[in-house]
Structures are given as C-alpha cells and as structure tokens.
Amino acid sequence: MKRILILGPGGAGKSTLARKLAAKLDLPLIHLDQHYWQPDWVPMDPEKWPAVIAELTARDSWVMDGNYASALDQRLEVADVAVFLDFNRWKSLWGAFTRVLKQSGQVRSDMAPGCPEQFDGEFFIWLWNFPRDSKPELEAAFARHPQTQVVRLRSRNAVGKWLGALSACPKRFQDGSMDT
C-alpha cells in the first residue's frame, strides 16, 4: 500500500485519519485543501487543478485526504486504497460544529495559509446534502475503478479499530475485510 485516499463528508475526520495513517505507515501526507485554496478562501483556477493533481498523484507514495469530485477519477486511477468515512450526516455535522467551536478563526494545519476555520451556509448545505449528492458520486467512482480497494468505515470507533488492526494484522488492511 503506497497510495491511499481518505474520502468522506466534512467533519468525519479525514485529515485526522490521514495524519495518523501517514505516521503509522511512514508515508508522505498530502492535504488537498492546502493545494486547492488560496488565502481568503479563494479557490484554485479550475483549469490548473488537473495538473496539480497529476503532479501530486505521480509521486511514489502518499496518504491524500480530500474529496474534490472533479479530480476523483484521476486519483482513484492510481490509488491502491480508498478509505471512505461513510458517516451519517449527524456525526459529520457534529464533528464539523465542534471543530469550528474549537478552532474558529484559526488556520488548521491541514488548510492553506490565510484560510481560517469557518462554518458558513454553503458548507452546511454541502455537508447536509452529502449523502444525497456526494455519496452517490463516490460510489459510482468506486465502481469505475475496481482496481482500487475500498475500505468503508462507518463510525469513529470503526476508524480506531481499523487503525489498530493495521499493525496487528496488515493482511486485513490489504484485502479490505475491515468493512465496518
């Protein structure tokens, strides 16, 4: 396992899992938010984004977190594993809400400089509609890329167990049997 994607709704803990996984497996860590956003939450030019993704995914190994549907196929094409934090909307909303309470106005380590933590209406709507809009897109992309192993984790407890199982039994990680 050299190229691992971490996907899922906001507030599910993608960045936290990516950090822990990269440290555990001694792999480079890529937070896509750091590459996409410019100061003051200005998005990257959409015409330049595919080239950035191509450069990042061409690296020998990585743990990469972030959804970015426009570049999902490009990443799944080369990923060994996609870890999908398949949390319900209430868990994700709670995670995002508590993150904002703790870090409001601060720039998180997984974000681009000049992008302080915030919770706005657009983010709330995206998060609320994730099961209806984004999850089907992810599922369709997984189906288009059967060569990429998908590990689906449905709770923070399952994430912890899965991380613990990596060192105890790496075969379980490799064959995707931790579908919890």
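Throughout, read-outs are computed from the coordinates displayed, never taken from laboratory work. Note that the structure is a prediction, hence the values are computed from the model and not measured. Note that each Cβ is placed from the backbone with ideal geometry, even for glycine, and that neighbours are counted across all protein chains shown.
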Dipole check, the stretch 16-150, charges on Cβ (K,R +1; D,E -1), about Cα centroid: among L32, F87, A112 the Cα furthest to the positive pole belongs to F87
Over 22 Å (Cα to Cα) among K24/K91; K14/K102; K24/K102 -> K24/K91; K24/K102
Stretched fully, the stretch from E55 through D80 gains (0.36 nm per residue minus C-alpha distance, one decimal, in nm) 7.3 nm
Correct response: the longest run of the chain lacking exposed GluC sites (Glu not before Pro), defined by DSSP loop and at most 13 other Cβ within 10 Å, is 78-180
Packing-ranked peptide list from 153-160, 79-86, highest mean Cβ count within 10 angstrom first, is 79-86, 153-160
Treating only Lys and Arg (+1) and Asp and Glu (-1) as charged, each at its beta carbon, one finds that the stretch 98-173 has a dipole about its Cα centre, in Debye to the nearest 20, of 580
In whole Hz, the Karplus estimates of ³J(HN,Hα) for the stretch 128-144 (6.51, -1.76, 1.60; θ = phi - 60°; x where Gly or Pro) are 4, 8, 3, x, 7, 9, 7, 4, x, 5, 4, 4, 5, 5, 4, 5, 6
Dividing the mean separation of Cα pairs under 8 Å (6+ apart) by the residue count of the chain yields a relative contact order in percent of 29
FRET efficiency (K161, E139; Cβ distance; R0 22 Å; to 0.05) is 0.45
